[in-house]
Every structure is written in C-alpha cells, then in structure tokens.
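Where a number appears in this text, it was derived from the coordinates with a stated rule and is not lab data. What you see is a predicted model, and the numbers here were worked out from it, not measured in a lab. Neighbour counts are summed over all protein chains in view; Cβ atoms, including those assigned to glycine, are modelled from backbone coordinates with ideal geometry.
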Amino acid sequence: MNRRHLADFLRARRARVQPADVGLAAGRRRRTPGLRREEVAQLACISVDYYARLEQARGPQPSRQVLVALARALRLTDSEREHLYRLAGLGVDIPAGPPRDVPAGILHLIDRLDDTPAFVIDAVYNLLAWNSMATALLIDPTVWPVEDRNLIWQLFGGQHADFDDPQVDAFARQCLADLRTAAARYPHDPGVDRLISRLRAASPGFVRRWNEYPVDPPRPSSTKRIPHPVVGELELDCQTLEISDRDQRLILYTAAPGTPSHDALRLLSVVGLQQI
C-alpha cells in the first residue's frame, strides 16, 4: 500500500468533484474547490476522522468495501477506480458478489436529471445511488443504516407493505424471483446469504413467498401509483434500464407531459427539494 500516493490521489479527486455533482448545496465560505472532507466521508458512509487519516497518509489499509464507497463518492471512472485499488494494495478483480460500484457516467446522468426521480440498484436490490428527486419523491435512504438500504428488506422487513394491493404483491414476487436468480449467480457471496437470512427471520410473508420458489413470475405493471404528502398521489411510468456490465439497474420515474402527474413532478422539483 502506497499511503502517500493514495493520499495525493484522494485529495486531487476530491478537489475535482463539485457539490452540485453529488446533489449537495454549494453554500458559502468554500475556500478551496471541490468537496470538503466531511462531505466525502458522508457520501462514502465512513467517519470523517477515518477519511482524514487516509488523506494525511497515516490511515490503515482500507477494505474493498471502503474503496468501492470512496470510488462512488468521488465519481471515479473505471480506470481511476482500478488505480485506487492498486494504490491501496488490493487486486482489481471483481468481487464474487453483485458489483456495487456504479459507473461514473451513470452517476453523472442521474445527478443531471433535475425533474426525474432516478436511482440505481444492484442484482439483490441494494440501493447504490440516487438523485435528489428520488429523495424528494420517496425517502432519503441515508436515514436507514447501510445494511437496510435494500428495497426487498424495506418491503418485507422494514415498513409493513400492503400485500393485498395487487401492485405491491406483483412487485414483491418479482423481487423474490430476481433474488433467487442472484442467489444462483453469486452462490459464494455472504451478503446475499445474509440478506436472505435476515428476511427469513423478520417476515413470515417473505418465507411463504420464498418457499413458493418464484423464478419467472409475470412482470408487474410499469405504472406506479405513489402518494406524496406535498404534491398528492402521482401516477408514474417506471422505466428500468439494465447496466449489463455491472448487473445493475437504473430506475426512472416519468410522467407524460400535460398530465397531472407531470405537473406534480415539476412542482416536486421545486417544493420537494426545499424540504430535503
């Protein structure tokens, strides 16, 4: 591990990222360009002291999980991420589990969708990235512990969903079919096993549906009804785009121009963001 070069690299990349690139307000009294150390630490879900020590060339060797989080927070390209791994003394082989590093181009894309809620999930529905409109429409995922930032966990183990709603039930069955597929694709990943074990312990509804062994249920409707406390109920089209080389999905919520839901999204892009 080359601590000095790693520290230089982190400082240089932090200076390159602007607050607006990651959905943060620029604010005042920024004496230097780029993000502050505490902002990088917040985005990577690590302590400020830990990150500061890395930039001061006196920190411990970061784990692969920390490096993935830093690469995402600093919007590194694929080549930059590999360079980061090498500086930290780790190999660049893809982990045995679902990749969690979102391509920099996808991160830039969702940041610039200022009127479209968008987020990225991996093969087991872990939330990897989201924009400010997704936070305004749904919820700020940072209020959850990192291990709870998973849509299947939130469906079965978090808030109690209304499975009598056909839309919710269809989505739940599709989630479990995708989880079955991921479990077969990544048989040695402890994260997948841990998620399934947590769900088994927390939700009889999960156990019942899981034991039905869903593999290829009918796809749920792409039209979603989403209530919102500020702009009312929205009827949105849910578009899913595959990020095939990462086994990830980009989820977009849109509405046809001229519809009440389209107007509500435009209103949300103003009043909703002010409440974040």
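Length available on full extension from Q65 to D263: 0.36 nm per residue minus the Cα-Cα distance, which gives 67.3 nm. log₁₀ I(q)/I(0) of the stretch 112-228 at q = 0.09, 0.12, 0.19, 0.24 Å⁻¹, via Debye over equal Cα point scatterers, no solvent, to two decimals? Rounded to two decimals, the profile gives -0.25, -0.45, -1.14, -1.63. With q set to 0.19 Å⁻¹, the log10 of I(q)/I(0) for the stretch 47-148, from the Debye formula over equal scatterers at the Cα positions, is -1.07.
Quick check: residue separation of A201 and A57 times 0.36 nm, minus the Cα distance between them. What number comes out in nm? Provide the component values of the computation, followed by the final result.
Values: separation 144, 0.36 × 144 = 51.84 nm, distance 4.25 nm.
Taking 0.36 nm per residue and subtracting the Cα distance, the gain is 47.6 nm.
For the chain, how big is Rg over Rh, using alpha carbon atoms and the Kirkwood form of Rh?
Rounded to two decimals, Rg over Rh is 0.98.
As an exercise, use a Förster radius of 51 Å and the Cβ-Cβ distance of R86 and D114 to find the FRET efficiency, rounded to the nearest 0.05. Before the final figure, lay out the partial values.
Working: r = 36 Å, r/R0 = 0.70.
About 0.90, to the nearest 0.05.
On a full-extension model of 0.36 nm per residue, what is the gain between D49 and N2, subtracting their alpha-carbon distance, rounded to one decimal in nm? Before the final figure, lay out each step's value.
Values: separation 47, 0.36 × 47 = 16.92 nm, distance 1.93 nm.
Length gained, D49 through N2: 15.0 nm.
Based on alpha-carbon atoms, the Kirkwood radius and the radius of gyration of the stretch 103-143 give Rg/Rh equal to 0.95.
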